[in-house]
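In what follows, a single structure is set out as structure tokens and then discussed.
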Amino acid sequence: MALENAIASHFSRAASQYSQHNRVQNICQQQLLARLTSGANLLDVGAGPGTDFSKNVNCGTLVLAVDIASGMLTQLSTSFPTYVAMQADAQDLPIATASIDRIYSNLALQWCDDFSRAAAELTRVCQGQGELLLSIVTAGSLPELLTLQLKVNPFRSSDYIYSVFDDADWQTLSAEVHTIKVHFDNLRTLLYSIKGVGANTSLVTDTDASRGLLSRRYWMDLLEVAETLREPQGIPLTYKVTFLHMRRLP
């Protein structure tokens with residue numbers, strides 16, 4: 001996957017507003033950080049605008065932050081100037097073999113074209129006894145968008161994600177699938193939350209839509225369907241997230 005491809009461009013454009021819309025990322029981040037222990041170095045794959053690891057690692061830990069989107073790395077370098085920022089693809093990491101003792105990735109690897117290749121790269125760069133912590137959006141996510149007849153990127157199953165990490169290379173410390181539901185006051189903010197984190201959805205072709213702009217009639221129909229989904233907390237958006245905590249075998 002070439003740098004600054006369509007996915008990278010989406011995330012670069014979302015970078016300046018990412019922190020306003022990353023509610024699911026924050027929930028998953030807290031679960032990952034609760035299990036993160038300190039080491040000599042930490043590789044954050046799909047780092048986005050950066051994560052504050054200061055409460056979880058010691059001050060001498062070198063943080064290497066990799067992201068495919070240049071816009072995200074610009075934000076990261078401003079917020080975390082001590083991190084080593086690298087624009088790179090998770091499927092082709094510019095990292096020496098067996099050089100990393102902690103790998104962290106929060107809701108990023110679902111965008112890889114070839115997840116098995118990304119997993120192979122994580123295996124390659126992680127040293128013996130090193131640990132991997134990742135969260136990844138998996139199959140069954142965003143059913144509300146299907147109800148709204150919006151196109152949704154297909155996500156891989158949790159079983160497939162588990163399968164690409166060979167038992168000969170990794171010891172599984174925990175493997176869990178969590179349902180995470182967030183709520184929004186209205187449909188516009190729900191859709192914007194997806195766009196705000198770079199994960200655009202698209203509309204089913206509609207004869208009343210012109211150049212990607214919804215007609216008022218079509219929009220009112222969407223609003224009506226969205227209201228049938230409403231719960232006391234608001235209109236829901238549901239994610240299925242796989243969490244993996246693994247230790248690299250020698």
Sort 233-244, 85-96 for me by packing, meaning the mean count of neighbouring Cβ atoms within 10 Å per residue, highest on top.
-> 233-244, 85-96
Aspartates and glutamates whose Cα lies under 18 Å from that of Lys181, excluding same-chain neighbours fewer than 8 positions away | Glu144, Glu227, Glu231
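Every number here is computed from the coordinates shown, using simple stated rules; none is lab data. Because the structure is predicted, anything quoted here is derived from the model rather than measured. A quick note on method: Cβ atoms are made from the backbone with ideal geometry, for glycine too, and the neighbour counts reach across all protein chains shown.
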